[in-house]
Structures are given as structure tokens and as C-alpha cells.
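Encoded as C-alpha cells, the structure appears first; notes follow it.
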Amino acid sequence: ALRVDPKYRAASVMKGSNYLFLGKKDLAKSSYETAVQQDPTFYEAYLMLGSLYQSENDKICIEYYKTAVQIQPKNPEVLFSLAYAEQIFDEPENALEIYRQMIRVDTSFYQALNQIGVIKQYNYKDLDSAIYYYNSALQTEPRFVEAWHNLGTCYEGQGNVTRALQSYAKALKYNPEFKLSRDRANALK
């Protein structure tokens with residue numbers, strides 16, 4: 001297809017996906033770069049590039065995610081990618097701002113509420129705020145195992161063993177194989 005039309009974006013994307021499947025990340029990156037050169041508004045390729053660099057622990061991923069956000073400023077999935085990268089590369093204030101923006105765009109995006117809780121709990125040691133955000137996430141998605149587990153760790157941090165065990169039990173109700181909650185519940189018993 002690229003021999004017939006060297007500017008055929010879809011072929012570059014497929015080529016990148018095939019390279020990715022084969023574990024050839026550098027060639028995949030090159031193909032996705034070609035795709036964005038062919039179509040600078042193709043935000044999915046920027047997300048793929050961001051994801052590839054993020055998997056290599058390369059902070060350049062943030063720039064790719066920012067470009068995707070410029071193209072799709074109201075897309076919660078795109079915003080989440082950027083916010084999470086900011087979070088893992090130790091920019092919690094930037095991450096919080098983007099997660100809040102996501103919630104303004106889509107109030108049902110429970111993963112953003114959970115991640116705000118994670119930042120409040122681990123970056124700022126504010127367990128009360130973390131509990132609020134975990135509970136907010138659970139109001140939207142009551143089967144969200146990670147939020148139940150995180151809530152349990154907050155209660156555990158406050159010394160409230162009963163509520164911690166209840167939270168871990170909820171996590172295990174929805175995923176009996178969730179090792180983190182199983183280990184914490186066993187440790188508290």
C-alpha cells in the first residue's frame with residue numbers, strides 16, 4: 001500500500017502496529033512518526049508514541065500526550081493519558097489540574113477520581129481527601145476494585161481496621177484474585 005501511495009496514513013499505522021506486535025519498538029515509533037507527518041491531526045498516533053515512550057520511562061511521552069490533547073481537548077481518554085504521565089513523572093500538581101479538567105468534561109470518569117485520591121494519599125498524605133475521592137469514584141463505579149483497595153489502605157493508615165477490612169472485602173467480592181487486598185486483609189486478621 002505504501003508503494004502505491006507513500007502518504008497513506010493507515011498503512012503507516014498498520015506498519016507501526018505490526019512492528020509493535022513483533023516487539024520492534026524503534027521501528028514502531030518510526031512508523032507512527034511517519035503517520036503524524038502524513039496527518040498532523042491524527043491524535044491516536046501521538047497517543048501510541050506517548051505510550052511507547054512512557055513504557056520506556058522516557059518523559060518525552062508527555063510532549064506527545066500534550067499534542068494529542070491539543071487536537072482532542074475534550075476527550076477524557078486523551079486527557080487521562082497526559083494526566084497519568086504527569087503523575088508518574090512526579091508532577092502531581094499538573095496531574096491534578098488535568099484530572100479535574102477531565103471531571104469537568106465527564107463527571108462519570110471514575111478513574112480520574114481514583115487517581116486524584118492516589119495523589120492525595122501518597123503525594124500529600126491527606127487521607128481524608130483521598131477517602132473522599134475514592135468514595136466519589138465508587139459512587140460512579142461500585143465494582144472498581146482498585147478504589148476499594150485504596151480506600152482500605154486509607155482506613156488502615158488511620159488505624160480503622162474494621163473499615164479497612166470491609167473495604168478489602170469489597171475489593172475481593174468483585175475480584176477474588178486481587179492479591180493486594182487479599183494480602184492486606186490477611187495481614188490485618
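The values are calculated or read from the model by the stated rules, or taken from the named source; none is laboratory data. Predicted, not measured: the structure shown is a model, and the values here were computed from it. With ideal geometry, Cβ positions are generated from the backbone for all residues, glycine too; neighbour counts draw on all protein chains shown. SASA here: full protein model, heavy atoms, side chains in, ligands and nucleic acids out. Shrake-Rupley method; radii C 1.70, N 1.55, O 1.52, S 1.80 Å.
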request  = Roll a 1.4 Å probe over the protein heavy atoms and report the accessible area of K25 in Å², nearest 10.
outcome  = 80 Å²
Once exposed loop GluC sites (Glu not before Pro) are cut out (DSSP; at most 12 other Cβ, 10 Å), longest piece of the chain = 57-176
remark   = For the range 32-121, inverting the pair-averaged 1/r of distinct alpha-carbon atoms gives a Kirkwood value in Å of 13.0 Å
request  = Give K125/K179; K66/K179; K66/K170 a once-over and call out the pairs whose C-alpha atoms are over 26 Å from each other.
outcome  = K66/K179; K66/K170
task = Determine the relative contact order of the chain: mean sequence separation of Cα pairs under 8 Å and six or more apart, normalised by residue count, in whole percent.
result = 9 percent
ask   = Ignoring ligands, DNA and RNA, what percent of the accessible area of the range 66-180 is carbon or sulfur (1.4 Å)?
value = 48 percent
inquiry  = For the range 127-189 and the range 64-80, what is the centre-to-centre distance using only Cα atoms, to the nearest Å?
reply    = 30 Å
task = May I ask for the percentage of alpha-carbon pairs in the range 93-189 that lie more than 15 Å from each other?
result = 57 percent
message = Looking at the calculated P(r) for the chain, what percent of the C-alpha pair distances fall above 24 Å?
response = 50 percent
inquiry  = Is the C-alpha gyration tensor of the range 65-115 telling us rounded, prolate or oblate? Criteria: a/c under 1.5 is rounded; beyond that, a/b larger than b/c is prolate, otherwise oblate.
reply    = oblate
ask   = Do the sum for the chain: with -39,500 (n - 2.57) for every DSSP H run of n ≥ 4, divided by all residues, what is the mean residue ellipticity at 222 nm, to the nearest 500 deg cm²/dmol?
value = -23000 deg cm²/dmol
query = So how much accessible area does T67 have, in Å² to the nearest 10, using a 1.4 Å probe?
reply = 40 Å²
